[in-house]
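See structure below.
The values are calculated or read from the model by the stated rules, or taken from the named source; none is laboratory data. Values in this document were obtained by computation on a predicted structure and should not be read as measured data. Note that we place each Cβ from the backbone using ideal geometry, even for glycine, and neighbour counts take in every protein chain shown.
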Amino acid sequence: MAEDKIAFVFPAFISDYRDDPSGGIPAFGPVFQSYLARAASFIDQELLAFHPESNPMLQDELRNQYISYIYSCSCADLFKKSGIRPEITAGYSMGIYASLCFSGSITFETGLLFINKAYEAIRQTLPNTYYAMGGVIGLKEEDIKEIASQHNLDLMIVNRNSDYSFIVAGSSFHVNVFLLKAREEGALNSKSLGVTIPYHSNLLAEAAKVLSATVFSSDVKAPELPIISVLNQDLITDAGRARNEVVNNIFNPFNWQATQTQMCRSGIRLFTECGPSQSLRKNSRFIPDCGRFVNWNSLLSQ
């Protein structure tokens, strides 16, 4: 395993803690609590009430992003202390902030600021909550477009996880109708992602403009480690590209399948998801001949 080139991938949101591997790493708890305290002091005192069982904050979209980011940064901190260095990193959706932090492009606090300002910008420019995102497995892209056309549904495909796994976004009514029709058309699974913001859709173009004021006035450095863009699969190699990725990320569709495939083509055969769930690992089963995932705790316990 040590000879394989490895990529660290950082997830966007936490859906549950059923697969959380952190319990097997005693050092994780103190590191996580340290980052949690820093985040509470800097951005939101209510974060101190977080507990993965009694108060997981899964239904609070903003705090869920904070916790996901804090968890990822805690993993990254342990990897750095252990001298484990990936060949490349990638941020799945809002995982871009942890990827940039791990690479040394931004500080931990700057990542929190970007999360906060993105959320504020979205609520300012898209104030109602009648939006949703949904995932569908088992249909091809043309099937999704045909269902949307047949039922006059105004929604966008905002991510391709594989040839048979997609994420859509739009008004909550249209997304929910689509998920129902997708099941009727034979989808293996279709479900709401439980968010009220249509991330990665052009509905957030104005929010991106508002966010850019913060991003382009903040201290952002060239990444010390390669980061691959999930938007176009280019390498993010300088501060300008890092800033552009943060801004463009919230209102442009991304392609995780192409991103993971490109990493594999560059020689990466091993991936680890720096978060408590295994969603990206499970998704990788649908991407042919594209490396394998291992739990992040297994890298630290070798």
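For segment 143-199, the candidate set comprises residues that are small (Gly, Ala, Ser) and touching an Asp or Glu at 6+ places or on another chain (Cβ under 7 Å); within that set, the residue that is nearest to Leu280 (Cα to Cα) is Gly170. So which residues in segment 170-202 are of a type in the set (D, E, K, R) and in contact with a Phe, Trp or Tyr (Cβ under 8 Å, 6 or more places away or on another chain)? Across segment 170-202, there are no qualifying residues. Confirm whether Lys5 is within 21 Å of Ser298 (Cα to Cα) and without any contact (Cβ under 8 Å) to a residue 60 or more places away in the chain. In short, no. Among residues of segment 79-95 that are free of Cβ contacts under 8 Å to residues at least 40 places away in the same chain and under 25 Å from Ile115 (Cα atoms), none has a Cβ under 9 angstrom from a residue that is of a type in the set (S, T, N, Q) and outside any helix (DSSP H, G or I) at a sequence gap of 6+ or on a separate chain. The number of residues in segment 283-302 being surrounded by 15 or more Cβ atoms within 10 Å (Cβ to Cβ) and within 19 Å of Asn161 (Cβ to Cβ) comes to 7.
Checked against the criterion of being in a loop (DSSP other than H, G, I, E, B) and modelled with pLDDT of 95 or more, segment 107-115 contains one or more residues that satisfy it. Only one of Ala169, Ala148, Ala118 is outside the structural domain of Ile96 (by TED's automatic domain parsing), assigned to a helix (DSSP H, G or I) and buried (at least 18 other Cβ atoms within 10 Å of the Cβ). Can you tell me which? Sole residue among the options that is outside the structural domain of Ile96 (by TED's automatic domain parsing), assigned to a helix (DSSP H, G or I) and buried (at least 18 other Cβ atoms within 10 Å of the Cβ): Ala148.
Exactly one residue out of Arg123, Arg85 is under 15 Å from Ala207 (Cβ atoms) and either surrounded by 24 or more Cβ atoms within 10 Å (Cβ to Cβ) or of a type outside the set (A, V, I, L, M) (or both), and it is Arg123. Just one of the listed residues (Ser190, Ser149, Ser172) is of a type outside the set (D, E, K, R) and within 25 Å of Asn248 (Cβ to Cβ), namely Ser172.
Here is a check on your reading of the model: is Leu153 farther than 26 Å from Ser279 by Cα, surrounded by 18 or more Cβ atoms within 10 Å (Cβ to Cβ) and outside the structural domain of Phe13 (by TED's automatic domain parsing)? Judged against the criteria, Leu153 is a match. For Ala213, indicate whether it is in a helix (DSSP H, G or I), surrounded by fewer than 21 Cβ atoms within 10 Å (Cβ to Cβ), without any contact (Cβ under 8 Å) to a residue 24 or more places away in the chain and of a type outside the set (Phe, Trp, Tyr). So Ala213 passes the test.
The criterion of being of a type outside the set (D, E, K, R), part of a helix (DSSP H, G or I) and within 26 Å of Thr110 (Cβ to Cβ) does not hold for Val230. Taking Gly104 as meeting all but one of (1) at pLDDT 95 or above; (2) within 23 Å of the chain's Cα centre (by Cα); (3) not assigned by TED's automatic domain parsing to the domain that holds Ser34, write down the number of the exception. Condition (3) is where Gly104 drops out. When segment 128-145 is limited to residues that are surrounded by fewer than 18 Cβ atoms within 10 Å (Cβ to Cβ) and hydroxyl-bearing (Ser, Thr, Tyr), the one that is modelled with the highest pLDDT turns out to be Tyr130. Just one of the numbered conditions (1) touching an Asp or Glu at 6+ places or on another chain (Cβ under 8 Å); (2) in a loop (DSSP other than H, G, I, E, B) is not true of Ile287: (1).
Of all residues in segment 268-291, those being modelled with pLDDT under 90 and among the aliphatic types (A, V, I, L, M) number 2.
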